[in-house]
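Enquirer: Below is a structure I'd like to ask you about.
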Amino acid sequence: MASIELKNVIKRYGSGKTANQVIHGVNAQIADGEFIVIVGPSGCGKSTLLRMVAGLEEVSDGEVCIGGKVVNDLEPSDRDIAMVFQNYALYPHMSVFENMAYGLKIANVPMDEIKARVDKAAKILELAPYLDRKPKALSGGQRQRVAMGRAIVRQPQVFLFDEPLSNLDAKLRAQTRLEIQKLHRELGITSLFVTHDQVEAMTLAQRMIVMNGGVMEQFGTPEEVYTRPASTFVASFIGSPPMNLLKNAPDAKPGLITGIRPEHLDITPTGWALQVEAVEMLGAERLIYGKWAHSDTDELLIIRTEESAAVPALGATLHVTPRPDRIHHFDASTGKRMDV
């Protein structure tokens with residue numbers, strides 16, 4: 001196991017005036033044994049950052065350190081890392097055992113040690129009954145566990161996961177998330193996990209890197225990112241539904257955007273007046289969409305209530321009050337958090 005340090009890591013394609021910079025000076029210190037999730041929308045640079053740690057992408061500037069050693073010039077095979085991809089990358093003609101053992105055979109590991117490592121990984125991942133099967137006889141979730149098992153038997157310093165759950169349906173994704181959590185508790189190997197899914201990020205991460213346009217917007221625990229978002233981007237990306245970001249809130253300070261999460265708006269006899277536009281039932285909760293009453297602005301607010309709350313009529317006027325200790329402020333020009 002090993003720590004990971006990213007020191008002003010930059011990635012650009014091309015050179016000179018035509019160069020396209022896609023990663024803009026990422027700095028992060030990841031402790032030995034931490035599980036870090038890199039999250040962001042498509043094209044934000046999260047997979048590029050992971051691939052630079054893996055050695056699959058060249059680092060244009062800055063340093064990537066694994067276990068205190070700069071690895072910029074090392075080949076992927078020399079970095080003591082193991083990757084798990086979204087497409088499993090299993091050999092269809094090989095059994096589960098053979099797939100998991102293949103890398104060890106190439107490395108000339110003795111067969112008795114290979115068997116011991118594969119059997120241990122299969123037990124952890126509940127794959128022991130399937131070691132003789134071919135990948136085509138497995139479900140998608142089982143194939144992903146085989147891919148993880150192949151990484152485990154390597155006994156690497158670092159695990160790198162590149163959107164490994166993207167090809168699974170919702171039920172299997174939830175189940176596999178639990179398996180990955182269990183795996184990390186048992187093995188304690190430093191892990192970087194890339195995803196565009198904020199639910200995966202919030203449930204898996206000990207800390208998370210939120211990426212936007214090649215920039216690290218925030219690096220913190222899920223609780224820190226949710227309760228004190230560093231920017232309007234983080235506030236709108238983390239949370240479902242996203243935080244209300246209001247330019248026209250009553251008593252708003254000049255030059256500031258007011259942020260309030262839907263669950264922190266309470267329906268009250270008086271307060272902010274909203275005209276109800278739509279109501280969504282979501283099982284144990286409902287979402288109410290409203291616009292400012294008596295205003296020409298199209299700014300939309302979302303209120304989250306319990307399923308037992310009264311359903312307002314469409315077009316009716318609803319009054320809500322934000323919880324004072326849950327109001328956020330952001331600079332309107334930069335989008336950055338302001339503590340006022």
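Enquirer: Which residue, I38, I238, I302, tops the fluctuation ranking in a GNM of the chain built on C-alpha contacts under 10 Å?
Expert: Fluctuation is largest for I302.
Enquirer: Using a 1.4 Å probe on the protein chains only, how many percent of the accessible area of segment 221-303 belongs to carbon and sulfur?
Expert: 51
Enquirer: In angstroms, what radius of gyration and Dmax does segment 140-233 have, counting Cα atoms only?
Expert: For segment 140-233, the Cα-based Rg and Dmax read 14.1, 42 Å.
Enquirer: Still on this model: Using a cut-off of 14 Å between alpha-carbon atoms, which aspartates and glutamates can reach K7, once sequence neighbours fewer than 8 places away in the same chain are excluded?
Expert: Excluding near neighbours in sequence, the set is D61, E63.
Enquirer: Between G68, G140, G43, which gets the highest mean-square fluctuation from a Gaussian network model of the chain, Cα cutoff 10 Å?
Expert: G68
Enquirer: While we're on this one: Under the definition of Cα pairs under 8 Å and six or more residues apart, what whole-number percent is the relative contact order of the chain? Show your work: numbers first, answer last.
Expert: Numbers: 677 pairs, mean separation 57.0, N = 340.
Relative contact order comes out at 17 percent.
Enquirer: Sticking with this one: By accessible area of protein heavy atoms, probe 1.4 Å, what ranking do L301, L245, L318, L178 get, highest first?
Expert: On the way: L301 0, L245 55, L318 25, L178 110 Å².
Solvent-accessible surface, decreasing: L178, L245, L318, L301.
Enquirer: Using the 2.2 N^0.38 Å rule of thumb for compact globular proteins, work out how segment 1-100 stacks up: its C-alpha Rg over that value, please. Please list the in-between numbers first.
Expert: Working: Rg = 15.5 Å, N = 100, 2.2 N^0.38 = 12.7 Å.
Segment 1-100 yields a ratio of 1.22.
Enquirer: Let me ask something else. Nearest 0.05, what FRET efficiency do H93 and D119 give at R0 = 25 Å with Cβ-Cβ as r?
Expert: Numbers: r = 22 Å, r/R0 = 0.88.
Result of the calculation: an efficiency of 0.70.
Enquirer: Shifting gears a bit: Of K291/K336; K46/K136; K69/K115; K46/K171; K253/K336, which pairs sit farther than 20 Å apart, going by alpha carbon to alpha carbon? List each step's numbers first, then the result.
Expert: Values: K291/K336 25 Å; K46/K136 31 Å; K69/K115 32 Å; K46/K171 25 Å; K253/K336 15 Å.
The pairs that break the limit, which is 20 Å between Cα atoms, are K291/K336; K46/K136; K69/K115; K46/K171.
Enquirer: Still on this model: Considering only protein heavy atoms and a probe of 1.4 Å, how much of the accessible area of segment 38-115 is carbon and sulfur, as a whole percent?
Expert: Roughly 49 percent of what the probe reaches on segment 38-115 is carbon or sulfur.
Enquirer: Calculate the spin-label point distance for S333 paired with N72, positioning each point 7 Å from the Cα along the beta-carbon direction, and give it in nanometres.
Expert: 3.5
Enquirer: Would you tally the net charge around T221, using a Cβ to Cβ cut-off of less than 14 Å, leaving T221 out, and scoring K and R as +1, D and E as -1? Intermediate values should be presented prior to the final figure.
Expert: On the way: positive: R207, R228; negative: E34, E223, E224.
Residues near T221 contribute -1 overall.
Enquirer: Sorted from largest down, give the three principal axis spans of the alpha carbons of the chain, whole angstrom values.
Expert: The Cα atoms of the chain stretch 76, 51, 32 Å along the principal axes, largest first.
Enquirer: Taking the simple approach of a point 7 Å from Cα along Cα-to-Cβ for both E63 and T18, what is their distance in nm?
Expert: If labels sit at E63 and T18, their model points lie 3.3 nm apart.
Enquirer: On the full set of protein chains, 1.4 Å probe, figure out the accessible area of T270 and give it in Å² to the nearest 10.
Expert: It works out to around 100 Å².
Enquirer: Non-local amide H neighbours of V22 (under 5 Å, H modeled in plane, Pro and chain starts lacking H): which ones?
Expert: Here K11, R12, Y13 satisfy the definition.
Enquirer: Hey, what angle do you get for helix 170-187 against the long axis of the chain, alpha-carbon based, 0 to 90 degrees rounded to 10?
Expert: 60
Enquirer: Follow-up. What's the FRET efficiency of A273 with R228 using the Cβ-Cβ distance as r and R₀ = 25 Å, to the nearest 0.05? If you can, show how the numbers build up before the last one.
Expert: Numbers: r = 29 Å, r/R0 = 1.15.
Efficiency for this residue pair is about 0.30.
Enquirer: Okay, moving on. Using the Cβ atoms and a cut-off under 11 Å, what net charge is assigned to the surroundings of V153, where Lys and Arg are +1 and Asp and Glu are -1?
Expert: Details: positive: K105, K115, R117, K120, R150, R154; negative: E113, D119.
That works out to +4.
Enquirer: Also, quick follow-up: Charges only on Cβ, +1 for Lys and Arg, -1 for Asp and Glu: so what's the dipole of the chain about the Cα centre, in debye to the nearest 20? If you can, show how the numbers build up before the last one.
Expert: Numbers: 37 positive and 41 negative charges, 143 e Å.
The calculated dipole for the chain is roughly 680 debye.
Enquirer: Follow-up. If you count the DSSP beta bridges with both ends in the chain, what percent of them are antiparallel, to the nearest 5?
Expert: On the way: 51 of 70 bridges.
So the antiparallel bridges in the chain amount to around 75 percent.
Enquirer: Return the aspartates and glutamates within reach of K182: Cα separation strictly under 17 angstrom, same-chain partners fewer than 8 residues apart disregarded; answer none if there are no such residues.
Expert: Those aspartates and glutamates meeting the cut-off are E34, E126, E200.
Enquirer: When the convex hull of the C-alpha atoms of segment 83-197 is computed, what volume per residue in Å³ does it have? Display every interim value, and only then the final one.
Expert: Details: hull volume 11.2 nm³, N = 115.
Dividing the Cα hull volume of segment 83-197 by its residue count gives 97 Å³.
The values are calculated or read from the model by the stated rules, or taken from the named source; none is laboratory data. The structure displayed is predicted, hence computed values, not measured ones. Positions of Cβ are generated from backbone atoms using ideal geometry, with glycine treated the same way; all protein chains shown enter the neighbour counts. Calculation scope for accessible area: heavy atoms of the full protein, side chains included, ligands and nucleic acids excluded. Shrake-Rupley method; radii C 1.70, N 1.55, O 1.52, S 1.80 Å.
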